[in-house]
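First comes the structure, then the notes that go with it.
A short reminder: the numbers here are calculations on the coordinates, not readings from a lab. What you see is a predicted model, and the numbers here were worked out from it, not measured in a lab.
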Amino acid sequence: MTMCPVCGRAVDEAAAKVQTGQTAHGAKEVDPKQGTRQFHDGKWYYFDSLGCRSKFTARPDEFLKKPAQ
Ligand SMILES: [Zn+2]
């Protein structure tokens, strides 16, 4: 189980992958800018919500410096 780097909540990694792998039209495309995960600095980060992902995308360094509470 992985954790949301923004709020520290547990994230279902498998569900995040499935969600990300589908576009609105059902195509199996993985877009690193969509869904509840984000590719950053060589690895994937998973989020419990799109809101958290947006915060992370705006300032990733802020959330990576300190461990999630
Ligand atoms: Zn979160």
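Taking amide H as placed 1.01 Å from N in the peptide plane, residue 40 has its amide H under 5 Å from the amide H of 45, each at least 5 places away in sequence or on another chain. Estimated at 0.36 nm per residue, the fully extended path between residue 9 and residue 43 surpasses their Cα-Cα distance by 10.4 nm. Taking amide H as placed 1.01 Å from N in the peptide plane, residue 11 has its amide H under 5 Å from the amide H of 2, 3, 4, each at least 5 places away in sequence or on another chain. Derived scalar couplings between HN and Hα for the stretch 37-43 equal 9, 8, 8, 9, 6, x, 8 Hz in order, rounded to whole Hz, by the Karplus curve 6.51 cos²θ - 1.76 cosθ + 1.60 (θ = phi - 60°), x for Gly and Pro.
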